[in-house]
Amino acid sequence: MKQQKKNPATSKVETATAQKSGLSVLLQSSRVQWLWVLLVFLLYGNTIRNEYSLDDSIDIYENVHVMKGFSGIPGILTSPFVTHENYQFDYRPFSPITFAIEKEIFGFNPHVSHFFNVVLYAICVLLLGRFLQKITAGKYPVAIAVSILFFIVHPLHTEVVASLKNRQELLSFICGFGALHMLLQYLDQQENKPEKLVYSLLLFAGALFAKLSSLPFLFFIGIILFFYPNRFALYKKAGLTFLYLLIPVIFIFAIREWLFRPFYFDENPLVEFNSISYKLGTTMQVFLTYLKLMFFPYPMAFYYGYGAVPVVEATAPVALLGYVVFGVLLYYSIAAFRRRKMEACFGLFFLASLAMYNNLTFTYPGLMSDRAMFLPSAWFIPMLIVGGQQWLKEKNIAIQQYRFPMWLVAAVLFVVAGMYTVRRNAAWKTQLSIMEADIAHLSAATLPNYYYAWTLDSELRKGQSEYDQHYLLQTAKQHYVRSLELGIKMAEPYYRLAMLYKYFQSRQDSAVFYLKEYVKYDTTHSKGFYELGDAYFQQGNFAEALPAYRRAFAVNRQDTMALFYAVQSLYLSQGADPALRLNDTLYAFAPRSEYPHLNYGTIYKMSGQTAKGYAYLDSAVQYGCKNVQLWQDLQLYYISVDNKEKSAYYARLLGQ
């Protein structure tokens, strides 16, 4: 029997197909996945040495529920994410629960928490790799592998991994892609096994419990249900979509009172530039900035806000450029999507995942952030690399002869990005270190300057900082002033500056200047009026101190200390009689407090009514006054009047 000859062209196709299939199997093998995990630890392992950093207090060591360990978990599940004196907002229990578990087992240990963040990032990488291989049916193994490598190394991801507070992003990513994986497995089943669907629904709910910004996964799920090849009829797909849609509807209804919080101008100036023109123009500005950071991630910032990102109108040149870029990307995505190939959906998925951060439909704190690109980058990188391979194939452009220079460029980019990522991770060591790394290119941003000054100020108040005290003081003052020069619409910088001058430099004149500015902007807190009165008091300007103290007490009727010093200011400026009348008011508010008794005693003693004065001073001690100098004075007085019982009493107090 004569052997039939094979067509050479057919043989080449079969060989290429076999090679692709082999590569696809190889890239899904445990060896390659362990290499990805190893690469994650090589690039992000240095974060394990980091301490707690920016905003970690919210989720961890100042969270009253996390502090309780296991017993705090019910409180986490029934409480908003942030409780402010004026509002409560958001619901993100998943991340605090993990920290509560860590607290119970390891105590508060930032290095353990950072280790688990790196592990979670490795899981994100593995899930993304498997999902991309699955959704592209293994047709682009090399492109997917390169996409995963650049996803791992991208410096924009440093905030998500190095900032413990952003564990919520990692958990949201893991649960979201876990839900997609389970859904694909359910759709691929020949038999009806509903447990995969149940797992998918639960994981999607878990993503929402991690962070509400995981809502775009609902869009991804819808696209997969209707366009991924499966056995289900249209009505069944619609029913499944309804099941997934039901979860965020119930979730949002349950937390509706915590969904929104007030935003301030310095966080997001669009709250005041509240016109569609400014919103549209600035949205395009932010969109282009995100794209620029994907290609060239420098400079990054621990916070953006007013001054870091320009606020522009819809007709600004940068906005016009944004429309063009967005339009081209949207056109390409829709055109590719019409081919009904899942790999053509990456562009739509990218745009959908940006929807939570566009400032048009949702107000985003800080206008933008590095962490906001974590999920979008999972689509953007393969969109470029897989899409680029598709385009070259469609144009019949042979890339074989350019293979070496292409790999060389990719290798150089990977190494450079890797070095930058490792360096950026180290910058996240503490809250102060990340701010010091970024503040130079945030000189025009109001809140970053204020936050940096506040952090320096807090470090100064510790009293045992590794930093030079003079450096902390002067730099804090410099950046408080800078935030005011930039027009920050907050009163707090005035107050913090005044406190630095008042308590660290004993410059009461400068303290008075900034406190007067502070109380112009903030009339709702007694602390400004109290400190202004105290600064005047320290200057010996009792006439000016009196109204400031009285205003402090009027704002906060519990602030009996303000009324205590108001009595003294009145005595020193106008004499005993009006001071005693005002002290009667203090006594009426706090009869069992030491303060009115101290005032009565001092005034009567200074007015020559010695016995009456010391009787009140003795009462002040009985009500809790622990002034050693007063004890000595009372002991000497009782010795002089031969009151042995009282003199012995004060001798015992002094001996203790």
Q) Using alpha carbon centroids, what distance separates region 114-170 and region 199-242, in Å? A) 21 Å
Q) Per the Kirkwood treatment, what hydrodynamic radius in Å, one decimal, follows for the chain from the mean inverse distance over all distinct Cα pairs? A) 29.4 Å
Q: Could I get the Rg over Rh figure for region 380-521? Both from C-alpha atoms, Rh via Kirkwood, rounded to two places.
A: 1.30
Q) Using a 1.4 Å probe on the protein chains only, how many percent of the accessible area of region 525-567 belongs to carbon and sulfur? A) 45 percent
Q. Rg/Rh for region 300-353: what does it come to with C-alpha atoms and Rh from Kirkwood?
A. 1.14
Q.
One quarter of the convex hull surface, Cα atoms only: what value does that give for region 74-178 in nm²?
A. 8.3 nm²
**Q.** Projected area averaged over orientations for region 90-248, convex hull of C-alpha atoms, nm²
**A.** 10.4 nm²
Q. Rg and Dmax of region 439-575, Cα atoms, in Å?
A. 16.1, 57
Q: Return the FRET efficiency for the residue pair Lys292, Leu330: r is the Cβ-Cβ distance, R0 is 22 Å, and the value is rounded to the nearest 0.05.
A: 0.75
Q: Divide the volume of the convex hull of the Cα atoms of region 238-318 by its number of residues and quote the answer in cubic angstrom per residue.
A: 179 Å³
Q) Can you give the accessible area per residue of region 256-315, in Å², using a 1.4 Å probe? A) 47 Å²
**Q.** Computed lengthening from Gln478 to Val82, 0.36 nm per intervening residue step minus Cα-Cα distance
**A.** 139.5 nm
Q: Please state, to two decimals, what the Cα-based radius of gyration of region 498-595 comes to when divided by 2.2 N^0.38 Å (N = residues).
A: 1.05
**Q.** Of Lys279/Lys516; Lys165/Lys237; Lys211/Lys489; Lys196/Lys237, pairs whose Cα-Cα distance is over 25 Å
**A.** Lys279/Lys516; Lys165/Lys237; Lys211/Lys489
Q: Only helices at least 27 Å long along their axis, Cα-based, and averaging -0.5 or more on Kyte-Doolittle count here, so list those DSSP H runs from the chain.
A: 8-27, 110-135, 167-188, 234-254, 276-295, 317-337, 374-394, 403-427
Q: Enumerate the whole-percent occupancy of each 5 Å bin, from 0 to the last occupied one, for all C-alpha pair distances of region 336-394.
A: 4, 19, 23, 21, 13, 11, 7, 3, 0
Q | Alpha carbon centroid spacing (whole Å) that separates region 260-294 from region 463-500 | A | 27 Å
**Q.** Once the Cα gyration tensor of region 183-253 is diagonalised, semi-axes √(5λ) in Å
**A.** 21, 12, 11
Q | Per-residue SASA entry for Val142, accessible area with 1.4 Å probe, Å² rounded to 10 | A | 60 Å²
Q: With no solvent and one equal point scatterer placed on each C-alpha of region 410-487, evaluate the Debye formula and give log10 I(q)/I(0) for q = 0.14, 0.23, 0.24 Å⁻¹, two decimals.
A: -0.53, -1.00, -1.06
Q: Round to the nearest 0.05 the FRET efficiency obtained for Thr585 and Ser277 when R0 = 45 Å and r is the Cβ-Cβ distance.
A: 0.20
Q: Please calculate how many Å² of accessible area region 117-219 carries per residue, with a 1.4 Å probe and no DNA, RNA or ligand atoms counted.
A: 27 Å²
**Q.** Estimated FRET transfer efficiency (Arg338, Tyr61; beta-carbon r; R0 45 Å; 0.05)
**A.** 0.30
Q. How high is the relative contact order of the chain, in percent, counting Cα pairs under 8 Å that sit 6 or more residues apart?
A. 11 percent
Q. How big, in percent, is the set of alpha carbon pairs in region 578-631 lying more than 14 Å apart?
A. 48 percent
Q: Excluding residues on the same chain fewer than 8 positions from Lys612, give the lysines whose Cα lies under 22 Å from its Cα.
A: Lys626, Lys644, Lys646
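The values are calculated or read from the model by the stated rules, or taken from the named source; none is laboratory data. A quick note: this is a predicted structure, and the numbers were derived from the prediction, not measured. We place every Cβ from the backbone using ideal geometry, glycine too, and count neighbours over all the protein chains shown. SASA here: full protein model, heavy atoms, side chains in, ligands and nucleic acids out. Shrake-Rupley method; radii C 1.70, N 1.55, O 1.52, S 1.80 Å.
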